[in-house]
Amino acid sequence: MTDDFDVLGLLQSLPLFEKVKPGALKKMYVDPEKAKPGQQTGLQDKHVQFIVANPGEVIVRQGELDTEFYIVIEGIASAYRSEDGGKSTLLGSYGQNDFFGEMSAISHQARSATVKADATCTLMRMDVTLFQQLFGDKTSSFAKIIDERYRERALAFHLMTAPIFKETSQEKLKLVADRAELVSYEKDAVITVATDPADAVFLVRSGIIKRSTTGSMGEERVHDYLCDNSSFGEQALAGGEPTWGYDGVAMSRVDLVRMPCKLFQEVFTSEEDKHKLTRQVSLLLQEEQGIKTSLSDDDRNELLVGQETIKGTEALVIDLKKCTRCNACVESCVSVHEDGIPRLSKRGIRMGDLTLSSACYNCKIPECMLSCNFGAIRRDKDGQIHIVVDNCTGCSKCESGCPYGVIRMAHVLTPAEQSAQQPSIWESIPLLNKLIKPKPVEVMADSPKGKPMAKAIKCDLCAGLPFEACVYNCPCDAIARRSPEAISGIGNR
Amino acid sequence: MNLSLFKSVHGPIALVICVASTAWLIAIGATAGTRAGSNPTYVLWSGWIAAALMLVAMLYCARKYMHKLKYSPELKLKVPISSLEASEAGLNDVRRRAARGDFSSVAEVNKAAQRVVIDEGVSQVIAVSTRAGNPAAGESQYVIEVKPPEKFGRMTKWLHAHIYYGLASGVLVWLHGGFAMTHPMGILLNVLTALVIITGIIGIFLFAYGPSWMTRHEKDLNFEENFVLDASLKDKIRDHLVAVKKTLPDEKEMVAALEKGFASGNHDRLTTVFKSWKDAKTAIVDLANGVVAAVSEAKEEAVPAAAFASLSNSPVLKSEMEKAAQEEDPKKRLAGVKKVLANYTKENQLVEDAVVLLGQRNGTRAGLAQLTRIKFFMNVWRAIHIPASLALCGLIVLHVLSVWWY
């Protein structure tokens with residue numbers, strides 16, 4: 001791409017952006033003549049970049065966790081899916097104005113296929129933050145085209161993940177995909193009411209749904225959280241006049257595939273199909289009953305579910321029966337960060353003698369990343385969440401978005417401030433340091449208002465270093481990384 | 001109890017060193033530390049082994065402070081995140097090729113995985129190992145595992161070495177010198193060694209039992225959270241005090257008591273002052289309430305101005321009541337008294353809240369003080385252990401030099 005390339009013209013010519021709000025286009029490109037003072041003009045590379053892929057080059061790889069969305073500007077790329085036996089299947093090819101990567105950008109799940117450039121390709125790469133904003137406006141051409149394409153290309157495959165369709169043929173799934181409704185709910189919207197009749201089966205495309213009932217004392221009892229690829233409402237197919245039995249509330253913006261009972265009557269007409277479906281439904285309902293029982297009996301599990309820990313993939317656990325409170329973990333965290341700010345905080349969820357410290361859980365659905373409008377939080381291919389400090393504007397949305405209080409706002413020091421704050425060798429010696437008064441640090445102003453700007457910080461798992469400093473430097477073996485499942489013995493459905 | 005402090009391979013090694021040294025002493029028929037019965041070879045070797053063990057024990061401290069002061073060599077091994085991502089992509093590729101059947105053994109898969117991390121220049125921060133998977137448990141045929149190499153070993157292992165080799169050095173010092181108190185240098189060396197070993201043993205047990213002890217006293221909030229709660233209560237009280245000062249501009253005694261209570265945390269004294277302040281105010285408020293009740297039953301005009309005037313005799317609320325009582329219009333007079341009463345309720349609530357907050361902070365500070373005492377007790381042995389160890393090191397150098405010289 002050359003510098004004089006007409007980006008705005010290109011964006012306006014793409015069908016995806018035909019009917020999007022002008023504000024959304026400004027997130028990608030700011031006209032130099034209409035820019036506000038101090039605003040970055042031209043292509044907003046925080047959100048959108050143009051990249052070139054050479055023939056044979058892998059653009060996205062199956063199983064990886066990056067969430068960028070791609071539009072083919074020039075060239076051809078093809079998608080391949082590797083099966084368990086190592087067999088690779090060609091799924092399709094993408095030419096000019098085609099797009100791919102929308103499934104991962106919507107659901108934050110691992111890539112379902114590998115896309116390789118067949119010829120030299122020019123691609124537009126969009127970050128997940130902007131993608132979610134554009135996709136959230138259901139009246140825009142962007143959301144409509146993505147939904148149409150999803151129904152056409154992916155819905156039948158997606159339905160295969162629902163347990164009730166375990167024994168359903170591809171043809172039938174295609175019929176279900178054609179008739180299913182794509183619906184969305186905003187955060188806190190009520191999706192199901194416990195006493196209402198269950199009239200449809202749902203498959204979660206993206207977002208989180210909390211299922212709960214009301215206890216005898218009127219208290220809320222959380223059963224579980226449903227994430228992407230979870231299904232619910234199968235009792236609607238069990239016969240009789242079933243009710244939902246639980247309140248379902250959207251914990252974030254939720255995209256669902258709704259399949260009314262009528263749809264099943266239309267598609268599953270033969271006795272054999274009906275029998276297969278009924279068998280799967282009854283198996284599933286039995287399994288669900290088992291989950292409910294075990295959860296209500298176990299306070300620890302309820303605490304974990306209630307605290308949304310289940311969304312995380314790993315937790316930093318401090319065993320309080322081993323921890324001597326020597327603070328070596330925090331000090332070692334300070335040592336490995338050039339700005340001298342510890343990412344570790346020993347506060348967190350207390351579970352008996354364990355503290356689930358507020359270190360990053362690298363959530364399957366990273367709320368922080370979704371709440372950042374500035375492309376300052378990204379997830380790498382291995383699922384680790386990183387903060388791009390240069391993009392951070394200090395808006396603190398990620399801080400309030402993180403369910404674990406992992407992200408904090410702190411003034412990240414400039415190199416000059418760092419060298420001023422670095423203690424001398426004498427100041428590092430115990431007792432002697434009490435006698436030496438440290439030099440006051442002059443904090444630079446980097447916000448437009450001339451005040452020091454706080455930026456988002458969080459545990460980065462000591463990325464790039466051969467250890468996790470806190471775990472490595474604990475002399476008493478009191479701190480370790482564990483999955484929530486390992487702590488509680490529960491997992492996502 | 002933290003039993004992991006005792007589970008280490010260094011324990012048996014240290015024990016073997018002690019047993020072997022003792023066996024050697026018995027075998028040569030010498031008596032520990034006596035010059036007359038000493039064997040020069042044994043004395044020399046036991047001395048060097050003791051010094052070596054002490055050196056190993058001291059390496060733990062060096063390691064700890066090297067990291068703290070950012071001199072740890074591992075910090076120089078840092079690689080860019082882009083390289084890590086590239087290696088992750090490469091390893092995923094190897095996994096796919098393994099699933100496709102491109103490799104015939106674990107060694108082949110491991111070789112390919114090792115090649116990826118070497119090619120991407122991240123071998124110093126990623127340790128790759130491969131094992132045969134268990135397909136029945138849902139694993140692939142070959143499982144590639146990635147871990148941080150932790151080349152210099154975790155601090156836990158260094159602490160184990162510190163504990164066990166430190167204890168062993170004490171035994172070797174005894175075998176070497178036999179606690180001979182014949183020379184000032186010998187006395188100092190023996191006393192310091194004993195001091196270091198005894199305080200160390202106390203430290204081991206405090207570190208093993210102390211955390212459970214502290215956890216029991218922490219209840220719901222840990223040490224750090226207690227500090228945060230204390231700071232938050234401090235801020236709340238400060239805000240409250242500003243509001244109280246605005247509401248009670250003339251009530252100097254109460255404001256002073258609050259400020260003093262805030263500064264010193266003297267909740268009992270503050271409660272007493274608050275009670276007497278409230279009692280004094282209640283008397284006039286009761287009287288005012290009586291007047292208001294009388295007015296409500298009769299017509300406002302029927303209540304003589306003298307009844308209102310009696311309110312202004314009280315030392316507290318005097319100025320406000322005087323002002324209200326002097327109002328000529330009966331309706332305004334009553335409204336004035338009601339306003340004073342309403343203000344009193346508001347200020348009363350504010351002061352009451354401030355006292356409650358101070359009480360909460362007192363509770364938190366008492367808990368913190370207890371935790372601080374426990375923490376102090378858990379660490380007080382170090383006040384002897386560390387200086388004694390430093391002095392012992394200096395003396396050992398002097399001892400070695402003097403033996404060499406003479």
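The values are calculated or read from the model by the stated rules, or taken from the named source; none is laboratory data. All values reported here derive from a predicted model rather than from experimental measurement. For neighbour counting, all protein chains shown are included, and Cβ atoms are generated from backbone atoms with ideal geometry for every residue, glycine included. The protein model used for the area step is the full one, side chains on, heavy atoms only, and it has no ligands, DNA or RNA in it. Shrake-Rupley method; radii C 1.70, N 1.55, O 1.52, S 1.80 Å.
Among the residues of the range B:81-104, those with an accessible-area drop of 50 Å² or more from chain alone to full protein complex, heavy atoms and 1.4 Å probe, are B:Ile81, B:Glu85, B:Glu88, B:Arg96.
Note on the range A:7-134: dipole from Cβ charges, positive end direction compared against A:Gly23, A:Pro55, A:Ala77; the farthest Cα belongs to A:Gly23. Per-residue shielding of B:145-153, expressed as the average number of other chain Cβ atoms within 10 Å of the residue Cβ, stands at 3. Peptide B:212-221 shows a mean partner chain C-beta count of 3 within 10 Å per residue C-beta. Using the Karplus relation 6.51 cos²θ - 1.76 cosθ + 1.60 with θ = phi - 60°, the per-residue 3J(HN,Hα) values for the range B:94-105 come to 4, 4, 5, 5, 5, 5, 7, x, 6, 10, 10, 8 Hz, with x marking Gly and Pro. Placing +1 on each Lys and Arg Cβ and -1 on each Asp and Glu Cβ, with no other charges, gives the range B:17-170 a dipole about its Cα centre of roughly 460 debye.
For the pair B:Arg216 and A:His275, label points projected 7 Å from Cα toward Cβ lie 6.6 nm apart.
In this simple spin-label model, placing a label point 7 Å from the Cα along the Cα-to-Cβ direction at both B:Ala52 and B:Val228 gives a separation of 4.9 nm. Taking amide hydrogens as placed 1.01 Å from N in the peptide plane, the amide H of A:Arg253 sits under 5 Å from those of A:Lys187, each at least 5 positions away in sequence or on another chain. Structure note, pairs A:Lys210/B:Lys147; A:Lys458/B:Lys70; A:Lys144/A:Lys166; A:Lys138/A:Lys262; A:Lys458/B:Lys64: Cα-Cα distances above 27 angstrom occur for A:Lys210/B:Lys147; A:Lys144/A:Lys166. Inter-chain Cβ neighbour count for A:472-481, averaged per residue, equals 6 (cutoff 10 Å, partner chain atoms only).
Would you mind pulling out the separation of the Cα centroids of the range A:224-258 and the range A:375-395, in Å? Between the Cα centre of the range A:224-258 and that of the range A:375-395, the gap is 32 Å.
Largest first and in whole Å, the equivalent-ellipsoid semi-axes of the range A:7-134 read 30, 15, 12, each the square root of five times a Cα gyration tensor eigenvalue. Here's how it looks for A:Cys459: its modeled amide H is under 5 Å from those of A:Cys360, which are all 5 or more places away or on a different chain. Working from Cα pairs under 8 Å separated by at least six residues, relative contact order for the range B:62-139 is 32 percent. Pairs with C-alpha atoms separated by more than 27 Å, drawn from the list A:Lys36/A:Lys455; A:Lys187/B:Lys234; A:Lys322/B:Lys151, are A:Lys187/B:Lys234.
With protein chains left intact and a 1.4 Å probe, residues in the range A:163-289 average 47 Å² of accessible area per residue.
Per-peptide packing, taken as the mean over residues of other Cβ atoms within 10 Å, places A:168-178, A:334-344, A:261-271 in the sequence A:334-344, A:168-178, A:261-271 from highest down.
Association of chains A and B removes close to 4400 square angstrom of accessible area from solvent, both sides included, for a probe radius of 1.4 Å. Gain on full extension, evaluated as 0.36 nm per residue between A:Glu167 and A:Asp31 minus their Cα-Cα distance, stands at 43.6 nm. Here the range A:49-147 is assigned +1 on the Cβ of each Lys and Arg and -1 on the Cβ of each Asp and Glu. Its dipole about the Cα centre then comes out at about 100 debye.
Couplings 3J(HN,Hα) of the range A:10-24, computed from phi: 5, 4, 5, 7, 7, x, 4, 9, 4, 10, 10, 5, x, x, 5 Hz, in residue order, whole Hz [Karplus 6.51 cos²θ - 1.76 cosθ + 1.60, θ = phi - 60°; x for Gly and Pro]. For the range B:12-141, the per residue solvent-accessible surface stands at 55 Å², with DNA, RNA and ligands left out and a 1.4 Å probe.
Charged side chains reduced to their Cβ positions (Lys and Arg at +1, Asp and Glu at -1) give the range B:90-193 a dipole of some 80 debye around its Cα centre. Less than 5 angstrom separates the built amide H of A:Gly92 from those of A:Ala79, all sequence-distant by 5 or more or on a different chain. Most tightly packed first, judged by the mean number of other beta-carbon atoms within 10 Å of their residues, the peptides A:9-15, A:141-147 read A:141-147, A:9-15.
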